[in-house]
Amino acid sequence: MAGELSMTVRRERGVVIAEVTGDIDVSTVGGLRERLLGLADSEQPLIVDLNGVSFIDSTGLGVLVAAARRADTHGGSLHAVCSRKPTRKLLWLTGVDRRIPLSATVDGALTLLTESGDAPA
């Protein structure tokens with residue numbers, strides 16, 4: 001799959017939100033890895049919004065897990081947002097949802113962060 005991939009980053013309520021759109025596969029994952037790992041280096045909670053992702057393969061799943069580990073190492077956390085059934089099923093089948101908290105919306109992830117005490121006051 002040779003699709004395009006883009007990511008926009010914003011900050012909301014003390015949380016970094018990375019909105020990813022396009023295909024995440026072996027041909028596009030390099031730039032995503034670099035940007036997500038860089039964001040995970042901050043000590044802020046990170047939400048990765050996958051609602052605009054039309055395809056994700058194992059290399060993309062690996063980047064999400066690596067970014068979650070990096071965030072943990074630096075005192076942050078990573079949460080994923082996805083309401084697309086095929087992607088949610090893939091995250092469930094591979095067990096990624098047990099490593100990375102998953103919400104259907106950004107607001108849901110922000111609420112989860114607030115309730116868990118991970119979001120800044």
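The values are calculated or read from the model by the stated rules, or taken from the named source; none is laboratory data. Please read these numbers as outputs of a predicted model, since none were measured by experiment. With ideal geometry, Cβ positions are generated from the backbone for all residues, glycine too; neighbour counts draw on all protein chains shown. We work out accessible area using only protein heavy atoms, side chains counted, and drop any ligands, DNA or RNA first. Shrake-Rupley method; radii C 1.70, N 1.55, O 1.52, S 1.80 Å.
Worth a mention:
- Each residue in the range 5-15 was checked for being surrounded by fewer than 19 Cβ atoms within 10 Å (Cβ to Cβ) and over 16 Å from residue 33 (Cβ atoms), and 6 of them qualify.
- Subset of the range 81-103 that is without any contact (Cβ under 8 Å) to a residue 24 or more places away in the chain and over 12 Å from the mean Cα position of the chain (by Cα) - its residue that is surrounded by the most Cβ atoms within 10 Å (Cβ to Cβ): 88
- Residue within the range 79-98 that is within 16 Å of residue 48 (Cα to Cα), out of contact with any helix residue (DSSP H, G or I) (no Cβ under 9 Å at 6 or more places or on another chain), modelled with pLDDT of 95 or more and of a type outside the set (Lys, Arg) present: yes
- Residue within the range 12-35 that is assigned to a helix (DSSP H, G or I) and under 20 Å from residue 116 (Cα atoms) present: no
- Subset of the range 50-60 [open to solvent by 20 Å² or more (accessible area, probe 1.4 Å) and either under 10 Å from the mean Cα position of the chain (by Cα) or closer than 18 Å to residue 106 by Cα (or both)]: 51, 52, 54
Conditions (1) assigned to a helix (DSSP H, G or I); (2) among the charged types (D, E, K, R), marked per residue:
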| site | (1), (2) |
| --- | --- |
| 55 | no, no |
| 71 | yes, no |
| 75 | no, no |
| 89 | yes, yes |
| 107 | yes, yes |
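- Tally of residues being touching a helix residue (DSSP H, G or I) at 6+ places or on another chain (Cβ under 7 Å), open to solvent by 40 Å² or more (accessible area, probe 1.4 Å) and under 22 Å from residue 104 (Cβ atoms) across the range 16-48: 0
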